[in-house]
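Enquirer: Structure below; questions to follow.
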Amino acid sequence: MNTVRFVKLHGTRNDFVLIDARTTPHVGVAADFAVWACDRHAGIGADGVLVVLPSTSDDARMRIFNADGSEAEMCGNGIRCVARYLYETDGREQAAIETLAGTIRTAIVAKEPRFLVRVAMGTPSFAAQDVGYRGTAEWLMDATLDLPDGIVRFSGVSMGNPHAVVFVADVESVDLPRFGCAVGEHRVFATHVNAHAAQVVDRSTIAARHWERGSGATQACGTGAVACAAAAIARGLVASPVTVRVPGGELVIAWDGRGSALMTGEA
């Protein structure tokens, strides 16, 4: 039996097993390891596995594997955890982290009473091709989706990974597994997308629940929170900055409607 060193972290209760592949012996096939490690009954228990690797261009490289072994392009809560890990191990107050969605820059903004990390998440895109939308619309800020219960309006947003945001009157009344599968696995998307039910509470607050590809319901989704906030800002429903309330806590999203969105949350 091999011994593998790991760290358990969470970002707004979206929890991860982190492996530092720069110093830890190889864990075999990362996807298989993720399936075992994320099992809350037979493994360690987590929503995903973060693998930190050396990078030829940035301070480190991050790979993120979902609970089903599939690999994600980016993870907003996960990258805050990686940022904290790089602070604890490498002393980095700021970090440039290579991901499949490009280089993501992080900064530690507080250590007490909560450890907070700010992340430049990149520019939200509503372009259909970026979301992997196969319908006729080219712009998905306010589009329609044909569901079994009827036609709903949604916003398709890419944060380097694809999201579909549906605004509802009450997020707590949403049957999340039914909603998540119907939206996230809809035939109009080339690949499965992360599905989010979002409720506008007031001009500066959104409540959201998430159904993530490869993991199902999670306590928080960082890129999803940015997608919800960006969709609400673009549609004029709220003004930046926006507090996104998720089951695991709160994330603060700032976006001017043009450049990179900034996400601040705990790790």
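Enquirer: One residue is enough: does the stretch 128-143 have a residue meeting the conditions at positive phi and modelled with pLDDT of 95 or more?
Expert: Yes, some residue in the stretch 128-143 is at positive phi and modelled with pLDDT of 95 or more.
Enquirer: Could you list all residues from the stretch 45-58 that are surrounded by fewer than 20 Cβ atoms within 10 Å (Cβ to Cβ) and either under 21 Å from the mean Cα position of the chain (by Cα) or within 22 Å of Asn161 (Cβ to Cβ) (or both)?
Expert: Listed by number, the residues that qualify are Gly45, Leu53, Ser55, Ser57, Asp58.
Enquirer: Which residues, taken from the stretch 204-262, are among the β-branched types (Val, Ile, Thr) and within 11 Å of the chain's Cα centre (by Cα)?
Expert: Across the stretch 204-262, the qualifying residues are Thr218, Thr223, Val226.
Enquirer: How do the strands (runs of 3 or more DSSP E) wholly within the stretch 102-174 filter down when requiring 2 or more residues that are touching a residue at least 60 places away in the same chain (Cβ under 8 Å) and surrounded by 19 or more Cβ atoms within 10 Å (Cβ to Cβ): which remain?
Expert: Where strands (runs of 3 or more DSSP E) fall fully within the stretch 102-174 and carry at least 2 residues being touching a residue at least 60 places away in the same chain (Cβ under 8 Å) and surrounded by 19 or more Cβ atoms within 10 Å (Cβ to Cβ), they are 116-120, 150-158, 162-167.
Enquirer: Turning to a different aspect of this structure: Only one of Gly257, Gly236 is surrounded by fewer than 17 Cβ atoms within 10 Å (Cβ to Cβ) and at pLDDT below 95; which?
Expert: Gly257
Enquirer: Could you count how many residues in the stretch 91-101 are within 22 Å of Ala195 (Cβ to Cβ) and either open to solvent by 30 Å² or more (accessible area, probe 1.4 Å) or at pLDDT below 95 (or both)?
Expert: Here the count works out to 2.
Enquirer: Give me the residue from the stretch 203-218 that is modelled with pLDDT of 95 or more and in a loop (DSSP other than H, G, I, E, B) and, out of that set, least open to solvent (accessible area, probe 1.4 Å).
Expert: Among those residues, the one meeting the criterion is Ser204.
Enquirer: Condition first: under 23 Å from Ile64 (Cβ atoms) and in a helix (DSSP H, G or I). Now tell me which residues in the stretch 219-240 satisfy that.
Expert: Gly222, Thr223, Gly224, Ala225, Val226, Ala227, Cys228, Ala229, Ala230, Ala231
Enquirer: Return the only residue of Val226, Val200 being within 27 Å of Cys81 (Cα to Cα) and modelled with pLDDT of 95 or more.
Expert: None of the other options fit; the residue is Val226.
Enquirer: Search the stretch 2-24 for residues that are over 14 Å from Ile44 (Cβ atoms) and pair each with any residue that is open to solvent by 90 Å² or more (accessible area, probe 1.4 Å) and not in a loop (DSSP other than H, G, I, E, B) when their beta-carbon atoms are under 8 Å apart and the residues are at least 6 apart or on different chains.
Expert: Short answer, once both residue conditions are applied: Thr12/Glu250.
Enquirer: Still on this structure, please answer the following. Condition check: more than 19 Å from Arg187 (Cβ to Cβ), charged (D, E, K, R) and in contact with a strand residue (DSSP E or B) (Cβ under 9 Å, 6 or more places away or on another chain). Does Arg153 satisfy that?
Expert: no
Enquirer: Search the stretch 239-256 for residues that are in contact (Cβ under 8 Å) with a residue 60 or more places away in the chain and small (Gly, Ala, Ser) and pair each with any residue that is surrounded by fewer than 18 Cβ atoms within 10 Å (Cβ to Cβ) and not in a strand (DSSP E or B) when their beta-carbon atoms are under 7 Å apart and the residues are at least 6 apart or on different chains.
Expert: Hits for this filter: Gly248/Arg13; Gly249/Arg13.
Enquirer: While we're on this one: Taking the criterion of being in a helix (DSSP H, G or I), under 21 Å from Glu73 (Cα atoms) and open to solvent by 30 Å² or more (accessible area, probe 1.4 Å), would at least one residue in the stretch 9-25 satisfy it?
Expert: no
Enquirer: Can you confirm whether Ala229 is open to solvent by less than 50 Å² (accessible area, probe 1.4 Å) and either without any contact (Cβ under 8 Å) to a residue 40 or more places away in the chain or of a type in the set (S, T, N, Q) (or both)?
Expert: So Ala229 passes the test.
Enquirer: Sticking with this one: Within the set of pairs 6 or more residues apart or between chains, which connect a residue that is touching a residue at least 60 places away in the same chain (Cβ under 8 Å) inside the stretch 82-94 to a residue that is surrounded by fewer than 13 Cβ atoms within 10 Å (Cβ to Cβ) with Cβ atoms less than 9 Å apart?
Expert: Thr89/Thr23
The values are calculated or read from the model by the stated rules, or taken from the named source; none is laboratory data. Everything numeric here is computed off the predicted structure, so don't read it as measured data. Cβ atoms come from the backbone with ideal geometry, glycine included; neighbour counts cover every protein chain shown. Note: accessible area is taken over every heavy atom of the protein model, side chains too, but ligands, DNA and RNA are not part of it. Shrake-Rupley method; radii C 1.70, N 1.55, O 1.52, S 1.80 Å.
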